[in-house]
Amino acid sequence: MTFTASAALIAITSTTRKGLDVFALAGLLVWLAGFSLEVIADAQKSRFNADPANRGKFIQSGLWARSRHPNYFGEIVLWIGVLIIALPVLRGWGWVALISPLFVTLLLTRVSGIPLLEKKADAKWGGQAEYEAYKKKTPVLFPRLR
């Protein structure tokens, strides 16, 4: 079992059955919000990168104006939604499912995702005034609302 999907796997394999309830609805809404953020951010970046006029530039529009890694924020939110859905069936060792969004967050913020991409971006655009201003005003992960 992977740590990332532990909440989903525990809920799916649980012998405890629950009908759709407030946890299912809340979790689904959180999951949809996270999934939407991730899909929109990835689509915005793909469109940006597909435009030859943007060659060698970094994206700082759309969701990317609010967070330097909005797709990763969406991924974390998505797994929180899965955990919320799973909460009613967690028993005993099933509570280890709490590790799911924590593991994803740790992985993306400390191990593979953000650290590697930030290093790569710094190597590519570091020292450029526009990039340094973007880094200064734009949060790394949690989107700035205004």
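The values are calculated or read from the model by the stated rules, or taken from the named source; none is laboratory data. Note that the coordinates shown come from a computational prediction; the quantities given were computed from them, not determined experimentally. A quick note on method: Cβ atoms are made from the backbone with ideal geometry, for glycine too, and the neighbour counts reach across all protein chains shown.
Couple of notes before you dig in:
- Residue list for segment 75-103, filter: small (G, A, S) and surrounded by fewer than 23 Cβ atoms within 10 Å (Cβ to Cβ): G81, G92, G94
- Whichever residue in segment 37-54 is more than 20 Å from T109 (Cα to Cα) and either among the small types (G, A, S) or modelled with pLDDT under 95 (or both) and, among such residues, is nearest to the chain's Cα centre (by Cα): A43
- Yes/no for R68 being buried (at least 20 other Cβ atoms within 10 Å of the Cβ) and within 20 Å of K120 (Cβ to Cβ): yes
- Close pairs from segment 8-31: first more than 18 Å from F103 (Cβ to Cβ) and of a type in the set (D, E, K, R), partner modelled with pLDDT under 70 and surrounded by 14 or more Cβ atoms within 10 Å (Cβ to Cβ), Cβ under 9 Å, at least 6 apart: none
- Among the residues making up segment 121-146, those that are surrounded by 11 or more Cβ atoms within 10 Å (Cβ to Cβ) and basic (K, R) are K124, K135.
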